[in-house]
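Shown below is the structure under consideration.
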Amino acid sequence: METIIGLGAAGVNIAKRFSSYPQYKCYYVDSEDHKVEPWLKLAKRKSHEAYEKHFPVKKTADFFKKVKGPVMLVLAGSGLVTGAALRLLESLKDKKVSVLYVRPDLSLLSETAVMQERVVFYVLQEYARSAAIERMYMVDNNKLDNILGHVSIVGYHDKLNELLVSTLHMINVYNNTKSVIDTYSPPHEVSRLSTIGILDSNTGEEKMFFDLDFSREKVYYYAINSDRLEKDGELFKNIKEQVRSRKSENTKVSYGVFSTSYEHDYGYCISHSSFVQGQGIL
């Protein structure tokens, strides 16, 4: 079972989405009351720096003492409470921790919030590159918005979070499911900056959740109806052609094909990079 820790309002709301699946144990950390359990309430502070300086180390250690297995910390960097992110990660240093980082629409933030977001975004990438955390998954809310198309104001973030969580969950499912065939191999040790996306298994069109620069590795998951797997003589050829078209001198590509009972085929993808995203932002 994977542990999901939601930090701040955005992180908490995304973690709540994960809690609908039995494969995850969710914890929530914020200075606001979200009426969720288990919940670690942080005292309200007036700045990013204050949340880091006054982080409750012992209280947090007690809160997470039962955490086992892999951990994913979920947050968006613009909120004040995410100043506690690095101290929280220190409390989990004996765990295998990855980060799911959601970038908000920067054009709608104050100048202070933009600077806070950029600091958190950059520092967490350095944590990943140094292997202080296992991996950093980056997601841009603007990309989710564009993928969904016309989204109503009521329930706007719920719909974005649903797309994000369902996609990551299904990738986790297929990472733990035997494929019909695959060419997977572990990601390169230095490629710890990643994003995910959805794939049209018929056309090969991919829609990534973040514009990841200098991708070194791409991984594709084809979820195909079982009848089609048995009867479609062109299927395997088409999949190989799609995958081959994305291979380059600098990008390694792998894929897996999985049997499903769903009527429609679908797919997912992951992209990995070793290159710090948004360099020069500080």
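Share of Cα-Cα pairs in the stretch 188-264 beyond 20 Å, in percent? Please report the intermediate quantities before stating the final value.
Details: 1043 of 2926 pairs.
Considering the stretch 188-264, 36 percent of its Cα-Cα pairs are separated by more than 20 Å.
Place a +1 charge on the Cβ of each Lys and Arg in the chain and a -1 charge on the Cβ of each Asp and Glu, then give the dipole magnitude about the Cα centre in debye, rounded to the nearest 20.
On the way: 37 positive and 35 negative charges, 217 e Å.
Magnitude of the dipole: close to 1040 debye.
Among the listed pairs Lys96/Lys218; Lys58/Lys96; Lys95/Lys207; Lys53/Lys159; Lys95/Lys247; Lys44/Lys95, which have their C-alpha atoms separated by more than 25 angstrom in this model?
Exceeds cut-off: Lys95/Lys207; Lys53/Lys159; Lys95/Lys247; Lys44/Lys95.
Continuing with this model, one more query. Express the carbon and sulfur contribution to the solvent-accessible surface of the stretch 1-133 as a percent, rounded to the nearest whole number, probe 1.4 angstrom. Display every interim value, and only then the final one.
Details: 3390 of 6510 Å².
Of all accessible area on the stretch 1-133, carbon and sulfur atoms account for 52 percent.
Once the whole set of protein chains is in place, how much accessible area is left on Tyr174, using a 1.4 Å probe, in Å² to the nearest 10?
Surface open to solvent at Tyr174 totals about 20 Å².
Here's a follow-up. Given a 1.4 Å probe, how much area per residue of the stretch 191-263 is accessible, in Å²? Please report the intermediate quantities before stating the final value.
Working: 3880 Å² over 73 residues.
Using a 1.4 Å probe on heavy atoms only, each residue of the stretch 191-263 averages 53 Å².
Determine the order of Leu109, Leu212 by accessible area, beginning with the largest, at a probe radius of 1.4 Å. Mind showing how you got there, number by number?
Details: Leu109 50, Leu212 30 Å².
Highest to lowest solvent-accessible surface, that is Leu109, Leu212.
Which one, His188, Ala131, Ser261, is farthest towards the positive end of the dipole of the chain when Lys and Arg carry +1 and Asp and Glu -1 on their Cβ?
Ala131
When the helices in the chain are scored as -39500 (n - 2.57) per DSSP H run of 4 or longer and the sum is shared across all residues, what 222 nm value do you end up with, to the nearest 500 deg cm²/dmol?
Working: 9 runs with 94 residues, N = 282.
Mean residue ellipticity at 222 nm (helix-derived): -10000 deg cm²/dmol.
Using a 1.4 angstrom probe on the protein heavy atoms only, line up Glu2, Glu117, Glu249 by accessible area, largest first. Before the final figure, lay out the partial values.
Details: Glu2 35, Glu117 0, Glu249 180 Å².
From most exposed to least exposed: Glu249, Glu2, Glu117.
Using only Cα atoms, tell me the angle between helix 111-129 and the longest principal axis of the chain; keep it within 0 to 90° and round to the nearest 10.
Approximately 60 degrees, to the nearest ten.
How much accessible surface does Ser254 have with a 1.4 Å probe, in Å² rounded to 10?
Accessible surface of Ser254 is approximately 10 Å².
With a bin width of 5 angstrom, please list the P(r) values of the chain as percents of all Cα-Cα pairs, from the 0 bin to the one holding the largest distance.
With a bin width of 5 Å, the distribution comes to 1, 5, 12, 16, 18, 17, 13, 9, 5, 3, 1, 0, 0.
Between Ala131 and Glu111, what length comes free when the chain is fully extended (0.36 nm per residue of separation minus the Cα-Cα distance, one decimal in nm)? Present the calculation step by step, with values, prior to reporting the outcome.
Numbers: separation 20, 0.36 × 20 = 7.20 nm, distance 3.06 nm.
Gain on extension, Ala131 to Glu111, equals 4.1 nm.
Can you bin the stretch 89-188 into rounded, prolate or oblate? Criterion: square roots of the alpha carbon gyration tensor eigenvalues sorted a ≥ b ≥ c, rounded for a/c under 1.5, prolate for a/b above b/c, oblate for the rest.
Details: a/c = 2.37, a/b = 1.16, b/c = 2.05.
Cα axes put the stretch 89-188 in the oblate bin.
Moving on. On full extension of the chain, what length is gained from Ala61 through Asp158, given 0.36 nm per residue of separation minus the C-alpha to C-alpha distance? Before the final figure, lay out each step's value.
Details: separation 97, 0.36 × 97 = 34.92 nm, distance 3.05 nm.
Taking 0.36 nm per residue and subtracting the Cα distance, the gain is 31.9 nm.
Given the whole protein assembly as supplied and a 1.4 Å probe, what does the accessible area of Asp33 come to in Å², nearest 10?
For Asp33, the solvent-accessible surface is approximately 90 Å².
For Asn250 and Val119, calculate 0.36 nm times their separation in residues minus their Cα-Cα distance, and state this gained length in nm to one decimal. Show your work: numbers first, answer last.
Values: separation 131, 0.36 × 131 = 47.16 nm, distance 2.90 nm.
Result for the pair: 44.3 nm of gain on full extension.
Now, a different point. Rank these residues by their accessible area, most exposed first, probe 1.4 Å: His48, His150, His54, His264. Provide the component values of the computation, followed by the final result.
Working: His48 20, His150 195, His54 90, His264 130 Å².
If we order His48, His150, His54, His264 from most to least accessible, we get His150, His264, His54, His48.
Give, rounded to the nearest 20 debye, the magnitude of the charge dipole that the stretch 1-100 has about its Cα centre when Lys and Arg contribute +1 at Cβ and Asp and Glu contribute -1 at Cβ.
Computed charge dipole of the stretch 1-100: roughly 200 debye.
Got a sec? Which residues in the stretch 190-204 would a label at Phe275 touch, if it sits 7 Å along Cα→Cβ and we count backbone N under 15 Å?
191-195
Also, quick follow-up: In Å², what does the accessible area per residue of the stretch 1-149 work out to with a 1.4 Å probe? If you can, show how the numbers build up before the last one.
Working: 7130 Å² over 149 residues.
With all protein chains present, the stretch 1-149 gives 48 Å² per residue.
The values are calculated or read from the model by the stated rules, or taken from the named source; none is laboratory data. Remember, predicted model here, so these are calculated numbers, not experimental data. All Cβ positions, even for glycine, are placed from backbone atoms using ideal geometry, and neighbour counts span all protein chains on display. Ligands, DNA and RNA are stripped out before the accessible areas are found, and what is left, the full protein with its side chains, is counted by its heavy atoms. Shrake-Rupley method; radii C 1.70, N 1.55, O 1.52, S 1.80 Å.
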